[in-house]
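I have placed the structure first, in the form of structure tokens, so that the comments after it can refer back to it.
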Amino acid sequence: MTSTHTPMVLDDDFVQDPFTVYRLLRIEAPVREVVMPRGLKVWLVTRYADARDALSHPAVRKDLRPVRHLFDKHHTGTSTGGFGADLSAHMLNSDPPDHTRLRRLVARAFTMRRVELLRPRVEEITENLLDGLSGEVDLTDAFAFPLPVTVICELLGVPQADQDDFRGWTTKLVTARSAQSVGEAGQAMSVYLHGLIDTKRANPADDLLSALVQAEEDGEKLNAVELVSMAFLLLVAGHETTVNLISNGVLALLRAPDQLAALRADPALLPGAVEELLRFGSPVNHTTMRYTAEPVEIGGTTIPEDEFVVVALGSANRDDDRFGDPDTLDVTRSAAGHLSFGHGIHFCLGAPLARLEGQIAIGRLVERFPDLALASDDLRWRNSTLLRGLEELPVRLEGHT
Ligand code: HEM
């Protein structure tokens, strides 16, 4: 039993295994105050139906500026919501009408039709990376990371030589415990992006960042701070998450050999299997921070005004009111309706791209390496409550085709 009167403290054990805590909370206290590992007290929503309600409630807001002082007072690190103003003015931190305007500027680049045009290039990058794999490797480092980072950098127009720097900065942003290291990584990224934008301004190219610079120059649509923030959001949201889809997905399949065999036997299962891997692995464990602009009732509990709210997507995806036998991976089930891409107006803009990358990466990996196996079972999850990703995924690859 958990007492619901004092906030529950989510510690490092929770990061390693959130599902045990989620199960308990869904039963005993599905909308409950908890203290996040970096010290912020939030209301955590763990049931599927409540999660959807919270994510679509108009008084549960994303623009944290009105409650900034409360956030800064209690929070020692940051999520993508907690940077200085020059990286934070993006759609994921905005409410309508700003959100609508900012999202509309880039929505066309991420429609299913536009993303489908990227397929040959995603396939080419995938095959090149797979060609280089043999023996024992960290699959996260050698495959799951370089694929999405290359794709999103090419889409935006970030030179290849600079792509490695992103891993360093985003790892720091996601896992750092001190405000100082977060500040340093944010600062490095901000300086870099300002320089890159100046380059695009002087020499526009056929890429998304040049198109956004044009939108800023046209005035009205995008100001200078929003431009840097948009570039930052797309770069960060576009790769850390997809890395986790690939790594968590491969791990789940290796731990359920019957499911891996079923997928290999019938590649037509792939699109559905990726949805199930998204549900099961929940690459984004929680949504980003929200707060109540007025008292809000969720699942019979009233959350007072000016309180922080976090929706546990990883928990909603394992709610047995919505998915039968939720802790079992089943690549033949219909996982449609999972919340791994969120819900409501902030539903993941990059979902079509993430699905394309996930299907190509996982499909080709398991096809080309019939003997793919875990090289160690001693795995650790990265120190983040926002994202659920492995520190390393050591695998053995033989039988290259
Ligand atoms: C928003 C998950 C890949 C761009 C979100 C949200 C989730 C999510 C849960 C909503 C967060 C919230 O409401 O607090 C994922 C997962 C991915 C993925 C699991 C990979 C498997 C991508 C990619 C892009 C992208 C490839 C490409 C640029 C965005 C953007 C938003 C967003 C721009 C903000 C949308 C808005 O505020 O309207 N994503 N994402 N994501 N995602 Fe993704």
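Starting from residues that are outside any helix (DSSP H, G or I), under 12 Å from Val310 (Cα atoms) and touching a His at 6+ places or on another chain (Cβ under 7 Å), keep the ones in region 11-61 and report whichever is modelled with the lowest pLDDT.
Out of the qualifying residues, it is Leu40.
Could you identify the single residue in Asp319, Asp327 that is in contact (Cβ under 8 Å) with a residue 60 or more places away in the chain and surrounded by fewer than 18 Cβ atoms within 10 Å (Cβ to Cβ)?
Just a single option satisfies the conditions, and that option is Asp327.
Can Gly363 be described as more than 8 Å from the ligand (Cβ to nearest atom) and part of a loop (DSSP other than H, G, I, E, B)?
Criteria not met by Gly363.
Scan region 190-208 and tell me whether some residue there is farther than 30 Å from Ser315 by Cβ and among the aromatic types (Phe, Trp, Tyr).
yes
Within 14 Å of the ligand (Cβ to nearest atom), among the hydrophobic types (A, V, I, L, M, F, W, C), touching a residue at least 40 places away in the same chain (Cβ under 8 Å) and surrounded by 15 or more Cβ atoms within 10 Å (Cβ to Cβ): which single residue out of Ala256, Ala237 fits that description?
Result: Ala237 is the single residue among Ala256, Ala237 that is within 14 Å of the ligand (Cβ to nearest atom), among the hydrophobic types (A, V, I, L, M, F, W, C), touching a residue at least 40 places away in the same chain (Cβ under 8 Å) and surrounded by 15 or more Cβ atoms within 10 Å (Cβ to Cβ).
Residues being under 21 Å from the mean Cα position of the chain (by Cα) and basic (Lys, Arg): count how many of those fall in region 1-51.
Residues meeting the conditions: 2.
Would you confirm whether or not region 270-278 contains a residue that is more than 23 Å from the chain's Cα centre (by Cα) and surrounded by fewer than 18 Cβ atoms within 10 Å (Cβ to Cβ)?
no
For region 323-351, give me each residue that is at positive phi and within 16 Å of the ligand (Cβ to nearest atom).
Gly337, Gly342, Gly344
Only one of Leu260, Leu212, Leu173, Leu222 is aliphatic (A, V, I, L, M) and not in a helix (DSSP H, G or I); which?
Leu222
Please determine, by comparing only the residues of region 125-172 that are among the hydroxyl-bearing types (Ser, Thr, Tyr) and surrounded by fewer than 18 Cβ atoms within 10 Å (Cβ to Cβ), which one is nearest to Gly389 (Cα to Cα).
Residue satisfying both the conditions and the ranking: Thr171.
Does region 305-318 hold any residues that are assigned to a loop (DSSP other than H, G, I, E, B) and within 16 Å of the ligand (Cβ to nearest atom), and which are they?
Scanning region 305-318 gives Ala312, Asn317, Arg318.
Rundown of residues vs (1) under 26 Å from Pro394 (Cα atoms); (2) free of Cβ contacts under 8 Å to residues at least 12 places away in the same chain, yes/no style:
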{"position": "Glu127", "(1), (2)": "yes, no"}
{"position": "Leu156", "(1), (2)": "no, no"}
{"position": "Pro159", "(1), (2)": "no, yes"}
{"position": "Thr170", "(1), (2)": "yes, no"}
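Would you please name the residue that is surrounded by the most Cβ atoms within 10 Å (Cβ to Cβ), looking only at residues in region 376-401 that are more than 24 Å from Phe19 (Cβ to Cβ) and in contact with a Lys or Arg (Cβ under 7 Å, 6 or more places away or on another chain)?
His400
The values are calculated or read from the model by the stated rules, or taken from the named source; none is laboratory data. Here the structure is a predicted model, which is why all the values come from computation and not from measurement. Because the Cβ atoms are built from the backbone with ideal geometry, glycine has one as well, and the counts that use them run over all protein chains shown.
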